[in-house]
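Values in this text are rule-based calculations from the coordinates and carry no lab data. Remember, it's a predicted structure, so these values are computed and weren't measured experimentally. Here Cβ is always computed from backbone atoms with ideal geometry, including for glycine, and neighbour counts include all displayed protein chains.
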Amino acid sequence: MRLFVKWNGWSLFFAIILFIPVEMTLNIERIVRITGLSYQVFYILDILLIIVCIILFFKSICLMQDAMIRSRLTWLLCLSWSLYFVLMTYAMSQWLPVTRPADFPSPVLGLLLIGVLVMYPFCIVALISFLKEKAKSDEVSSVK
């Protein structure tokens, strides 16, 4: 049961890391209109937030525990984050609905989002593969 809770926690973690920059990028008009920030300040905040999320993604290498890495459930992380991502996106669309036509993002951002959503599972698989190889090499070095 404890492993299942950790697996769901990591799924939520990976979904949040993708959700925050995507929503910040897609909802520029709404957030600027609601908060009153200038576009320059918002773009700086958006870039900083994206950098923080990328750092957190790679910092997860240090945070994942050995029991989680050795489990077969870790391979499901490459898909399980999508459920949380869809739920958070739905909640955001209900919480901040589009009230003005100018709030809709441009169609090009939709194409970029499709590319990001296709690439993200491969990034998670690469991270998990790296963690599993690191765990194997640590076991071999501790045996010697």
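Build a GNM of the chain with springs between Cα atoms under 10 Å apart, and of Phe14, Phe130, Phe85 the one that fluctuates most is Phe130.
Farthest toward the positive end of the dipole of the chain, out of Leu111, Tyr39, Asn8, is the Cα of Asn8, where the dipole comes from beta carbon charges about the Cα centre. Convex hull volume of the Cα atoms of the chain, normalised per residue: 117 Å³. Given springs between every Cα pair under 10 Å in a Gaussian network model of the chain, which of Ser60, Ser38, Ser82 has the largest fluctuation? Residue with maximal mean-square fluctuation among Ser60, Ser38, Ser82: Ser38. Around the Cα centre of the chain, unit charges on the Cβ atoms of Lys, Arg, Asp and Glu (plus for the first two, minus for the last two) sum to a dipole of about 420 debye. When the chain is treated as a Gaussian network with alpha carbon springs shorter than 10 Å, the biggest mean-square fluctuation among Val22, Val41, Val32 belongs to Val41.
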